[in-house]
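Notes for the one structure printed next.
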Amino acid sequence: MRRMPYAFGAIQNGRRDAAILNGGKQAWNRRERVMEQHENRVPALRVRALPSCTNAYGKVQAGWLLSQIDMAGSLDAERLSRGPVTTVAVNAFQFAAPILLGDVVDLYVERLRIGQKSITLKISVEAERMDGSHVRITDVIATYVAIDHDGKSRLLGES
């Protein structure tokens, strides 16, 4: 059996603190350990859910989230295409959990397909709750096409 380097202490002020078993020194709190698990991925966009983004029940509206998803995807697609892009397709997405007021929303972009004129991306959305926990919200597949100044499609990398 593998021995863990820390043990959970009592809940104090709504947080769990971990104590290292050797010497009783304080280690990372729960939030920092969770962030350590996610440190190998860098979000394309991080946004806090503010009151202007929510409905009357304190949940973030789907339209606001779709806007953030499109922003994160287009930032990556524009960087790759070296110019403007337009969104041509977004698959249906379902919420696995609600986004609450005050959550920090992390949007991660993964490149699935790079064509001559188009880019298909997977955009994963996670929410960091105010207690430090992370919740998967949704995954979306979006396709972007590189366009010129007249709005016509162009090859990637051309201006």
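The values are calculated or read from the model by the stated rules, or taken from the named source; none is laboratory data. Not measured: the values here are computed from a predicted model. So basically every Cβ, Gly included, is an ideal-geometry build from the backbone, and we count neighbours across all protein chains shown.
Could we say that SER67 is farther than 20 Å from VAL125 by Cβ, modelled with pLDDT of 90 or more and among the hydroxyl-bearing types (Ser, Thr, Tyr) here? For SER67, the condition - farther than 20 Å from VAL125 by Cβ, modelled with pLDDT of 90 or more and among the hydroxyl-bearing types (Ser, Thr, Tyr) - is not met. Quick check, is TYR108 touching a helix residue (DSSP H, G or I) at 6+ places or on another chain (Cβ under 6 Å) and modelled with pLDDT of 95 or more? No, not satisfied. For segment 46-74, a residue qualifies if it is surrounded by fewer than 14 Cβ atoms within 10 Å (Cβ to Cβ) and either touching a Ser or Thr at 6+ places or on another chain (Cβ under 6 Å) or of a type in the set (Val, Ile, Thr) (or both), but none of them does.
For segment 38-74, the candidate set comprises residues that are in contact with a Cys (Cβ under 7 Å, 6 or more places away or on another chain) and free of Cβ contacts under 8 Å to residues at least 24 places away in the same chain; within that set, the residue that is nearest to LYS117 (Cα to Cα) is TRP64.
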